[in-house]
Amino acid sequence: MLYAGLTSKFRVKVELQGLKFEIEGDREIGSTIAQNIANQIANVVQPAALLEAPKNGQNGHAVIDAASVIPARKRRKSSGKSSGSADGDGTPVVNWNHDPAKWGAPLQTWKQPQKINWLLHVVEQETGKKDLSPTEMVDIFELKYAGLLHRGNIPKNLGNNPEFFGSVDGRWFLKQGGKDAAANLIAEAKGEKVTA
């Protein structure tokens, strides 16, 4: 609910005590890391339009439904079956606290199959979940790494690399070749020397 009245003044005060960020390095993903931090901070501070006002419309002010002010984003319907990557409240089913010191972060120069190889390996190691649908891959990658995977290209990309990826019922997993390649991707993502 929004609280609308004769005046358009408002004040929002946010205090983050002891919040410190220190990032150092010269890797090409610095902008991605900065974007991820900005996204996380933005999630803490909700837009003023979503703040809830008194429900009874005191002082002659009108009470406006925020849903009518801020339209919901529409998703395109796909012709394929949906695997549903979120639970009822829109939270991704697969979630963990990413440790960049342990796994690094995907590089922008990587091609989509490399990003997915890295992602499948990290998800399996962190959560035990061995397979993901293309929708889950896209949602996780967007949430965790502020990056973009093209869902429609995933089956083709992964299908062209049968030594690395396997699929059962539209859910993709890493074969042993993919797990072996993931070690090099992790080293590269951490800025370490890659073995041949």
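Could you tell me which of the residues LYS190, LYS156 is basic (Lys, Arg) and in contact (Cβ under 8 Å) with a residue 24 or more places away in the chain?
Every option except LYS190 fails the conditions.
Select, from VAL93, VAL168, the only residue that is open to solvent by 20 Å² or more (accessible area, probe 1.4 Å), farther than 19 Å from ASN184 by Cβ, aliphatic (A, V, I, L, M) and at pLDDT 90 or above.
That would be VAL168, the only listed residue that is open to solvent by 20 Å² or more (accessible area, probe 1.4 Å), farther than 19 Å from ASN184 by Cβ, aliphatic (A, V, I, L, M) and at pLDDT 90 or above.
Can you tell me how many residues in the range 122-158 are outside any helix (DSSP H, G or I), among the aliphatic types (A, V, I, L, M), out of contact with any helix residue (DSSP H, G or I) (no Cβ under 6 Å at 6 or more places or on another chain) and surrounded by fewer than 20 Cβ atoms within 10 Å (Cβ to Cβ)?
1
The values are calculated or read from the model by the stated rules, or taken from the named source; none is laboratory data. All of these numbers come straight from a predicted model, not from anything done at the bench. Neighbour counts are summed over all protein chains in view; Cβ atoms, including those assigned to glycine, are modelled from backbone coordinates with ideal geometry. For accessibility, only protein heavy atoms count, side chains too; no ligands or nucleic acids. Shrake-Rupley method; radii C 1.70, N 1.55, O 1.52, S 1.80 Å.
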